[in-house]
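Here's the structure we're looking at; comments come further down.
Only the coordinates and a few stated rules stand behind these numbers; no lab work does. Just so it is clear, the model here is predicted, and its values are computed rather than measured. Glycine gets a Cβ as well: all are built from the backbone with ideal geometry, and neighbour counts include every protein chain shown.
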Amino acid sequence: MAFSVVVTSVANSVGSYGLLTQVPTTSQIASWIFPPHKEAFKRTIAIVGYLNIRLVHEWQWILGHESMIFPFLLFLYTNYHFLPRHADYFNGNTWVFVIPMFLGFNIDTFMQFPEFDMKTITTNPNWDGAHNWNQNRVNETYLLLTLLCALQIAFMFTVAFRGRMSIKYCYWIAAIEVGLLCMRLFRAEHIHSR
């Protein structure tokens, strides 16, 4: 079952690059919100990739739970795909989607690193915080729920881009879903518990 989730979601997301020509450049959602749909489409593909990387790690298919390689690779992936390099800070879309996603994925990535005692920084990393985060905050169920939401949002916009659904409705439904998913990450006691 797990293998089929990874294979089908990766195949669908990578295969959707062929649909990019059908994606409109932008649309007006509100007087101050103009989502760059092509960039959002690419970001959604990257989200599916991120979630699959986390799931593969969670299921220990490649690296064990205590490998320093994993958080470094995840950090590089996250900041390559989600760092708002060319964000328009006067566009509301940046504040509704781009910044929350960047912060959310970086919080999760940061939590994958072990803690070090400053006296023994080169030995004995403490993985308890990462294990606790992955078991109690962003666990397998949360990752799978987020993957389901990402795929549902992508499908919804694909339907909207074909004129079968309102892009504005899609946008606000997606904003609510992303907001609800981010709430779990942004609660202060979870972040400061490290």
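Here are the numbers:
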{"read-out": "Built amide H within the under 5 Å cut-off of Thr26, gap 5+", "value": "His37"}
{"read-out": "Additional length obtainable on full extension of the chain from Trp127 to Gln22, 0.36 nm per residue less Cα span", "value": "33.3 nm"}
{"read-out": "Local electrostatic count, Ile45, Cβ distance below 15 Å [Lys/Arg +1, Asp/Glu -1]", "value": "+2"}
{"read-out": "Kyte-Doolittle mean at least -0.5, axial Cα span of 18 Å or more - DSSP H helices of the chain", "value": "2-15, 37-58, 69-82, 140-161, 167-186"}
{"read-out": "Amide H contacts of Ile33 (H built 1.01 Å from N, under 5 Å, at least 5 apart or other chain)", "value": "Gly92"}
{"read-out": "In nm, spacing of pseudo-spin labels at Asp88 and Ala2 (7 Å Cα→C-beta vector)", "value": "4.3"}
{"read-out": "Contact order normalised by residue count of the chain, Cα under 8 Å, 6+ apart, percent", "value": "21"}
{"read-out": "Ordering of 49-61, 158-170, 136-148 by burial proxy (mean other Cβ atoms within 10 Å per residue, highest first)", "value": "49-61, 136-148, 158-170"}
{"read-out": "Cβ-derived FRET efficiency at R0 30 Å, Thr141 paired with Trp32, nearest 0.05", "value": "0.25"}
{"read-out": "Radius 15 Å from Cβ of Ala160, net charge of other residues (Lys, Arg +1; Asp, Glu -1)", "value": "+3"}
{"read-out": "Distance (nanometres) between label positions extended 7 Å along Cα→Cβ at Ile62 and Ile176", "value": "3.6"}
{"read-out": "Cut-off under 5 Å, modelled amide H: who pairs with Ala87 long-range", "value": "none"}
{"read-out": "Positive minus negative residues near Pro35 (Lys, Arg vs Asp, Glu; Cβ under 13 Å)", "value": "+2"}
{"read-out": "Where only alpha carbons of the chain are counted, the Rg and the Dmax (Å)", "value": "17.7, 61"}
